[in-house]
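Input: a single structure, listed below in structure tokens.
The values are calculated or read from the model by the stated rules, or taken from the named source; none is laboratory data. Quick caveat, the model's predicted, so the values are computed rather than measured. Every residue, glycine as well, gets a Cβ built from its backbone with ideal geometry; the counts of neighbours run over all protein chains shown.
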Amino acid sequence: MMYDKAQCKILFQIIRVSLFDSDEFEINAEADWKLIYRISREHKIHTILCRGLEKISSKDKIPEKMIGKLEELWQIERAKDAVQKYSIDEILDAFEKDKIDCVPLKGIYMKEFYPDSSLRTMSDLDIFYRQGDEEKIEKVLVSKGYVFDHDGPHHDVYQRKPFMNVEMHHHLTDGDPVAEKYYKDVWTTKVHLKKGYTSIYEFSWEDYYIYMLVHLAKHIKLGGSGIRSIIDIKIFLDKKKEELNWDYVKEELKKLHLSQFEYWMRQLSEVWFGTEKTTPLYDELTEFIVDSGTYGTIKNYHASHVVELGGKNQNLSVGKIRSKLEIIFLPYEGMQEQYLYLEKFPFLLPVAWIQRIFRTIVWRKDKITSTLQSTNIEQDRLEKVKKVMDALELFESD
């Protein structure tokens with residue numbers, strides 16, 4: 001657990017100074033720099049922390065060793081940022097030349113809204129492409145020194161040493177039926193050719209913002225998302241809010257059942273980095289996000305999944321029972337990945353369940369025991385997560 005209200009307040013003040021031209025503030029003598037540093041690393045916002053501390057004059061209260069480490073990490077991120085910029089240009093130029101339709105996603109554009117692009121860390125280059133171009137894509141990437149690492153249900157991963165990761169997405173969403181239906185005709189309804197190109201597509205800024213929220217909602221459902229995601233919202237809206245067609249945005253968010261989610265995330269960004277005042281609910285949201293790290297935690301995942309399985313009435317007792325049964329009796333999608341014959345013969349799902357149970361008893365008894373134990377979430381934590389999910393209305397349409 002990382003959340004500490006007082007320390008988060010200090011961290012958010014530093015981020016305001018770093019990114020949002022906030023007035024300098026007096027460093028609190030009660031600052032727990034070890035915790036603040038840890039949170040910044042877990043959430044991949046250490047570069048932002050470093051820039052904020054550089055702007056503060058009263059550095060005598062800040063450990064020199066920590067400042068030195070942050071400066072070193074920022075230098076590394078500057079180098080990574082330069083390589084990533086070169087790499088994305090290299091890939092997109094090759095795709096344009098070979099007529100491979102694609103859409104650069106997420107951090108590739110978000111970086112450019114920051115005062116310095118190296119402040120916005122990015123682990124992967126995310127690119128969406130038309131299904132059917134897999135062989136052409138592999139040929140291009142291999143020619144650029146990438147190695148195919150693995151494929152998945154939604155994206156394929158390529159790597160190039162020392163640190164370049166490229167995720168080629170053939171689906172924009174990860175199994176959410178509402179979002180999948182919404183993006184079914186994405187190439188004709190949601191993206192357009194970038195000016196001057198014949199194969200590089202882009203979202204309008206309205207649709208970029210909507211996809212940002214769809215992606216964030218997915219992470220919140222699956223265990224949480226980090227401080228960086230809320231910074232992204234604030235940074236983006238500070239730049240683009242006045243030119244967005246909000247009637248369109250609101251109408252599309254209704255289709256995705258994300259109207260309340262967008263409201264709370266936007267308001268939370270103003271509580272943290274703007275002028276909105278906090279409330280007990282915002283504190284609950286802050287605790288959930290801070291304890292999630294950049295990509296969420298398994299505990300938060302199990303807690304939110306219990307809430308989801310509780311059904312429309314969100315009965316936590318029902319959710320607990322269903323979450324344990326689901327570990328033993330995996331849904332069809334999960335079973336299909338393990339038992340390939342189900343793709344042709346889905347009616348054999350009960351047979352596959354029996355097969356899996358026997359295999360688990362013989363070979364993986366310890367693992368199933370530990371997995372079941374991992375779903376034992378404290379009631380207090382479940383109640384907090386339920387309160388967050390109730391407000392965000394993420395499971396209302398399920």
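The single condition among (1) modelled with pLDDT of 65 or more; (2) surrounded by 11 or more Cβ atoms within 10 Å (Cβ to Cβ) that residue 350 does not satisfy is (2). Among the criteria (1) over 21 Å from residue 39 (Cβ atoms); (2) at pLDDT 80 or above; (3) among the polar types (S, T, N, Q); (4) surrounded by 18 or more Cβ atoms within 10 Å (Cβ to Cβ), the one residue 260 does not fulfil is (4). Scan the range 132-156 for residues that are within 19 Å of the chain's Cα centre (by Cα) and not in a loop (DSSP other than H, G, I, E, B) and jot them down. Of everything in the range 132-156, those that are within 19 Å of the chain's Cα centre (by Cα) and not in a loop (DSSP other than H, G, I, E, B) turn out to be 155, 156.
Selection over the range 159-179 of residues that are in contact with a strand residue (DSSP E or B) (Cβ under 8 Å, 6 or more places away or on another chain) and closer than 23 Å to residue 212 by Cα gives a count of 9. Yes or no: the range 233-250 includes at least one residue that is more than 24 Å from residue 395 (Cα to Cα), within 20 Å of the chain's Cα centre (by Cα), surrounded by fewer than 20 Cβ atoms within 10 Å (Cβ to Cβ) and of a type in the set (A, V, I, L, M). Yes, because at least one residue in the range 233-250 is more than 24 Å from residue 395 (Cα to Cα), within 20 Å of the chain's Cα centre (by Cα), surrounded by fewer than 20 Cβ atoms within 10 Å (Cβ to Cβ) and of a type in the set (A, V, I, L, M). Scanning the range 61-69 for residues that are small (Gly, Ala, Ser) and touching a Lys or Arg at 6+ places or on another chain (Cβ under 7 Å) turns up nothing.
Cβ-Cβ contacts under 8 Å between residues 6 or more apart (or on different chains), taken from a first residue in the range 158-178 that is free of Cβ contacts under 8 Å to residues at least 40 places away in the same chain to a second residue that is of a type in the set (A, V, I, L, M) and assigned to a strand (DSSP E or B), are listed as 158/147; 158/166; 158/168; 159/147; 159/166. Here the helices (runs of 4 or more DSSP H) wholly within the range 36-124 that include at least 3 residues being within 30 Å of residue 26 (Cα to Cα) and free of Cβ contacts under 8 Å to residues at least 24 places away in the same chain are 64-97.
Listed here are the residues, each with its yes/no results for (1) aromatic (Phe, Trp, Tyr); (2) modelled with pLDDT of 90 or more; (3) part of a helix (DSSP H, G or I).
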position: 251; (1), (2), (3): no, yes, yes
position: 294; (1), (2), (3): no, no, no
position: 302; (1), (2), (3): no, no, yes
position: 313; (1), (2), (3): no, no, no
position: 319; (1), (2), (3): no, no, yes
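So that you can scan it fast, the table gives a plain yes or no per residue for (1) over 18 Å from the mean Cα position of the chain (by Cα); (2) small (Gly, Ala, Ser); (3) surrounded by fewer than 19 Cβ atoms within 10 Å (Cβ to Cβ); (4) assigned to a strand (DSSP E or B):
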| site | (1), (2), (3), (4) |
| --- | --- |
| 158 | yes, no, no, yes |
| 162 | yes, no, yes, no |
| 166 | no, no, no, yes |
| 173 | no, no, no, no |
| 180 | no, no, yes, no |
| 188 | yes, no, yes, no |
| 213 | no, no, no, no |
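For the range 192-211, name all the residues that are assigned to a strand (DSSP E or B) and either under 14 Å from residue 110 (Cα atoms) or within 21 Å of the chain's Cα centre (by Cα) (or both). Outline the logic, then answer.
Taking the range 192-211 and keeping what is assigned to a strand (DSSP E or B), we get 192-193, 200-203.
Correct list: 202, 203.
Residues in the range 135-155 that are within 21 Å of residue 187 (Cα to Cα), in contact with a strand residue (DSSP E or B) (Cβ under 8 Å, 6 or more places away or on another chain) and at pLDDT below 95: 154, 155. Across the range 215-226, the number of residues qualifying as in a helix (DSSP H, G or I) and in contact with a Leu (Cβ under 8 Å, 6 or more places away or on another chain) comes to 3.
Looking only at the range 49-65, which residues are surrounded by 18 or more Cβ atoms within 10 Å (Cβ to Cβ) and touching a Phe, Trp or Tyr at 6+ places or on another chain (Cβ under 9 Å)?
So in the range 49-65, the residues surrounded by 18 or more Cβ atoms within 10 Å (Cβ to Cβ) come out as 49-53.
Once the filter is applied, which keeps residues that are surrounded by 18 or more Cβ atoms within 10 Å (Cβ to Cβ) and touching a Phe, Trp or Tyr at 6+ places or on another chain (Cβ under 9 Å), the range 49-65 yields 49, 50, 51.
Checked against the criteria, residue 326 does not count as touching a Pro at 6+ places or on another chain (Cβ under 9 Å), at pLDDT below 90, assigned to a helix (DSSP H, G or I) and surrounded by fewer than 19 Cβ atoms within 10 Å (Cβ to Cβ). In the range 255-293, the residue that is nearest to residue 217 (Cα to Cα) out of those that are within 18 Å of the chain's Cα centre (by Cα) and of a type in the set (Asp, Glu) is 262. Residues that are aliphatic (A, V, I, L, M), surrounded by 10 or more Cβ atoms within 10 Å (Cβ to Cβ) and at pLDDT below 70 within the range 353-371 comprise 361, 368, listed in sequence order. Each residue in the range 3-22 was checked for being over 17 Å from residue 270 (Cβ atoms) and surrounded by fewer than 16 Cβ atoms within 10 Å (Cβ to Cβ), and 2 pass.
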